[in-house]
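No value in this document is a laboratory result; all are computed from the given coordinates. All of these numbers come straight from a predicted model, not from anything done at the bench. Here the Cβ positions follow ideal geometry from the backbone for every residue, glycine too, while neighbour counts run over all protein chains shown.
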Amino acid sequence: MPRTPKLPKLSPRAVVLVTLAVGLGLPAVLFAAVLVLSPVTKPLMVDWFVQSVLGHDPAAWPYTSLVYGVSVGVLAFVLINFGAIISGMTVWWEMRVSSRMQSRVGYNRAGAGGFFQWVADAVKLLFKEDLIPTEADQVLFRAAPYFVMTGFALTFVALPFGESLIAADLNVGIFYLTAVTALVVVGILLAGWSSNSKWALFGGMRSAAQVVSYEIPAGLAVMVPVLMAGTLSMQGIVRAQGAWPWEWTVFTNPAAAVAFVIFFIAQLAEGNRTPFDLPEAESELVAGYLSEYSGFRFALYFLVEFGNLWVMAAVATTLFLGGWQIPWVGPEVFEAAKGAGPVPALPWWGLQLLSMAVMAAKTILVLNVIVWVRWTLPRIRIDQMMNLCWKYLVPWAFVTFVFTLLWQIAVARLPELKTVTGVVLTVAFLATLAVFLRQVRANLTAVGDRVDLTNW
Amino acid sequence: MEKLILRRVDRNNEEMILNFGPQHPSTHGVINFIVETDGEVLRRAVPDVGYLHRSIEKIGEGTGYHGFMPFTDRIDYVAAMFPNEGYATAVERLCKIEVPRRAQYLRAISCELARIASHLISVGTMAMDIGAFTPMLHGVRERETINDLIEALCGARLTYNYHRIGGVAYDLPEGWKEKTLAFLDHFDKFLVEFDRLLSFNEIYIRRLANVAVIPAKDAIDFGLVGPNLRGSGVDWDVRRDLPYGAYPDFEFEVPVGRGFRGTSGDCYDRYYCRVLEMGQSSRIVRQALLQLPEGDIMAPKVARNLKPEAGEALSRVESARGEMAFYVVSDGTNKAYRVRARTGSFTAMGIIEQASQGLMIADLVALIASLDVVAPEIDR
């Protein structure tokens with residue numbers, strides 16, 4: 001007989017308050033730090049600070065570069081912490097979502113809703129013995145996690161958070177991102193090879209094959225928004241789009257919609273997420289390249305794996321989904337709100353906050369799709385993975401690339417084309433979404449269930 | 001297997017020997033596969049069994065006839081009703097005990113519930129081996145309800161020890177029938193949902209269809225039984241073809257693999273046969289509950305100290321893993337001279353070496369999962 005499961009005891013009010021304070025406060029502090037620090041660490045502001053606060057001539061004062069270095073160092077510290085903490089929170093969120101999908105209770109011990117589980121896990125992993133197999137290649141085994149961590153941390157340099165909120169708006173932004181994320185695979189390959197374990201070797205080889213293959217469709221798909229924006233800079237690509245869905249890259253060009261799908265699939269593969277989690281397929285390769293790792297080194301791999309979700313989602317948002325663009329707020333509004341002084345006026349900061357909120361909301365939405373896909377789909381086989389890449393994604397990515405070239409010529413002749421396509425594709429997308437949601441509801445009611453979002 | 005290892009000595013080739021187990025997430029217990037691979041492609045996988053040997057058959061010679069019943073649970077602890085039933089039936093044939101009608105119905109009900117529970121684990125772990133975690137937990141959720149039902153029936157959730165020589169241990173508790181019928185209503189809907197979530201998933205089909213095809217001839221030659229045999233297109237079910245107990249009273253179909261999504265005898269056929277069988281089991285339980293006759297649940301005058309006349313008896317029951325045979329030889333004393341259990345998992349291991357040639361590592365996992373081997377049943 002269906003036994004009524006004993007619900008977990010409700011957390012005491014104090015625990016709920018602490019959890020809420022940390023759960024909301026920690027990201028708030030991080031976002032606030034990014035909000036304040038990323039515009040402040042620009043040379044212009046540092047010069048102004050040296051001039052008017054410290055009272056030196058920035059050009060002549062020998063310590064100007066030191067001040068600049070310190071401010072960038074603080075920003076880097078904040079960004080790495082942002083990555084680590086977001087990664088931990090993603091773990092918690094993913095576990096809560098998955099337990100909901102699987103009719104489990106899920107995390108519910110440490111803190112309200114088990115929120116502090118990721119802290120507990122991290123602390124546990126830090127205190128664990130750092131085992132290194134005797135037969136392993138000592139140097140490479142120790143070095144491998146740092147490659148992975150470096151590849152992950154470097155992405156935050158060119159990851160936009162808002163209108164002016166970017167550590168460095170490189171003019172080769174997306175190219176830089178593609179390049180540094182490739183470092184992760186070096187670390188994984190080193191881990192697989194140096195562990196001197198057959199399972200780890202399999203994992204490493206699979207990962208190398210997978211990530212290197214999927215770089216190609218991902219790179220080609222990235223070219224579509226680049227062509228449409230005419231720049232490689234992340235902020236430039238966002239500025240080339242608008243705030244409304246029909247102004248986003250993904251909807252203004254039919255090829256871009258295809259490219260988005262290709263890019264999304266390739267990102268899943270590069271991030272080793274289901275259905276492409278072959279390198280660490282636990283039912284086949286035990287733990288893949290992670291087999292011999294423990295303690296802190298293991299924690300680093302996990303941090304990167306989950307932190308990469310944010311990076312993946314943020315890059316997809318930037319390239320295809322309009323980034324941080326706020327409706328009705330064009331560049332001239334930002335300019336007007338900035339004021340005359342070297343330190344921007346308060347309304348400007350408000351707009352920055354708003355753009356950051358838009359960006360974060362879109363990123364979290366994409367992140368949720370990634371989580372949802374993971375807990376729904378089975379894993380594909382390695383030959384199917386290769387087939388999918390080389391037989392379908394690469395040719396289609398080429399098609400989207402060539403189509404976009406022609407499309408840009410057509411749009412230059414006939415600018416209305418862009419708006420019309422945007423509206424048509426947006427409507428088509430919304431209609432598909434509506435059909436999908438209706439089907440979900442029909443499926444739920446067919447098995448005597450109901451849509452219920454209360455039982456968390 | 002020694003040959004396989006010795007073959008490698010003094011040979012410098014590209015192949016790699018890999019110990020797939022005994023502690024591997026997808027060997028479903030303690031089994032070792034010695035796998036010879038060339039990169040991702042298998043040359044062969046040789047099963048190495050015996051890690052879970054507990055000499056259960058020998059124990060059967062030491063305990064009395066009644067006393068062996070709890071040990072039979074341990075032969076196949078995922079579906080412990082079937083060894084119970086098989087052993088009880090064999091001894092009943094040996095002693096010529098007539099089992100009351102109601103007891104036979106209760107046996108059918110408990111066995112079919114156990115079959116559903118076992119198949120849920122089977123298809124769930126198969127999904128997990130293929131990489132989908134969610135269907136496994138949905139299956140376990142339904143199994144949990146069945147465990148609760150069986151717990152109410154006989155007090156145990158895993159090693160049931162419910163059947164007795166001459167009948168069953170307990171009658172239905174109050175309200176059990178209604179609860180079970182309600183569960184079955186829910187379960188039939190669950191199967192539809194499960195199909196939508198997993199069985200008709202394109203990735204899942206591509207991972208299983210046309211993989212590790214076992215032709216009907218090989219399936220018979222290697223002595224495959226149950227869903228593994230039927231997956232290869234051989235229409236054989238002990239419940240229908242050699243009816244025992246209450247089964248002649250029920251209407252049910254025997255799902256046979258006909259290449260649902262690929263070739264007949266591939267992993268998907270074996271998988272989907274199990275899914276269809278769950279629906280049929282639910283049908284049988286429903287019929288049995290509705291037609292349940294009144295009467296005793298134990299045969300009268302079954303001696304405490306059973307001393308069958310010298311002789312032998314064989315029983316064949318359709319277990320969740322296929323035909324399970326119990327062969328009991330009596331020498332006229334109160335202890336069996338020989339107890340032998342023939343189980344489906346052991347013969348299924350035999351075909352792995354042949355069927356695994358040329359597969360990929362991920363396919364080996366699918367093959368093992370699709371054969372639904374349960375480690376204790378292999379070794380006993």
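Just checking the output field for B:128-139: average partner chain Cβ neighbours within 10 Å of each residue's Cβ? Could the numbers behind the result be given before it?
On the way: counts 3, 6, 9, 15, 8, 10, 9, 3, 1, 7, 3, 0.
Average per residue, whole number: 6.
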Q. Based only on Cα atoms, what Rg/Rh ratio does the stretch A:191-331 have, Rh being taken as Kirkwood's radius?
A. 1.09
**Q.** Placed amide H near B:Leu42: partners under 5 Å, 5+ positions off or other chain
**A.** B:Gly358, B:Leu359, B:Met360, B:Ile361
Q) Given +1 on the Cβ of Lys and Arg, -1 on the Cβ of Asp and Glu, and no further charges, what dipole in debye does the stretch A:123-253 carry about its Cα centre, rounded to the nearest 20? A) 220
Q | Per-selection Kirkwood Rh - the stretch A:398-456 (Cα, Å, 1 d.p.) | A | 14.8
Q.
With 10 angstrom as the radius, rank B:Met298, B:Met126, B:Met278 by how many other C-beta atoms surround their C-beta, starting from the fewest.
A. B:Met298, B:Met278, B:Met126
Q. Using θ = phi - 60° and the Karplus curve 6.51 cos²θ - 1.76 cosθ + 1.60, what whole-Hz ³J(HN,Hα) does each residue of the stretch B:258-274 get, with Gly and Pro shown as x?
A. 10, x, 4, 10, x, 8, 5, x, 8, 4, 5, 5, 4, 5, 6, 4, 5
Q.
Pairwise over distinct Cα atoms, reciprocal of the mean inverse distance: report the Kirkwood radius of the protein assembly as shown in Å, one decimal place.
A. 30.3
Q) If you build the Cα gyration tensor of chain B and take the root of 5 times each eigenvalue, what three semi-axes come out, in whole angstrom, biggest first? A) 35, 26, 17
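Need one value for A:438-448: mean number of C-beta atoms belonging to other chains within 10 Å of its residues' C-beta atoms. The partial results should precede the final answer.
Details: counts 0, 0, 0, 0, 0, 4, 1, 0, 4, 9, 5.
That average works out to 2.
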Q. How many lysine pairs does chain B hold where the Cα atoms are under 23 Å apart and the two sit 8 or more places apart or on different chains?
A. 9
Q. Counting only other chains, what is the mean number of Cβ atoms within 10 angstrom of the Cβ of each residue in peptide A:382-390?
A. 2
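Sorted by mean Cβ packing within 10 Å, highest first, what order do the peptides B:259-271, B:18-30 take? Provide the component values of the computation, followed by the final result.
Details: B:259-271: 23.8, B:18-30: 18.9.
Final packing ranking: B:259-271, B:18-30.
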Q.
Per-residue counts of other Cβ atoms within 10 Å, averaged by peptide: what ranking do you get for A:437-450, A:209-222, A:323-336, highest first?
A. A:209-222, A:323-336, A:437-450
(Q) I'd like to know which of A:Leu227, A:Leu321, B:Ile165 lies farthest towards the positive end of the charge dipole of the protein assembly as shown, counting +1 on Cβ of Lys and Arg and -1 on Cβ of Asp and Glu. (A) B:Ile165
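Highest mean first, what order results for B:137-144, A:67-74 on Cβ atoms within 10 Å? Intermediate results must be reported in sequence, preceding the final value.
Details: B:137-144: 19.5, A:67-74: 15.2.
Output ranking for B:137-144, A:67-74: B:137-144, A:67-74.
If you take the Cα atoms of chain A, find Rg, then find the Kirkwood Rh from the mean of 1/r over all pairs, what is Rg/Rh? Write down the numbers at each step before the final one.
Numbers: Rg = 23.6 Å, Rh = 24.0 Å.
Here Rg/Rh amounts to 0.98.
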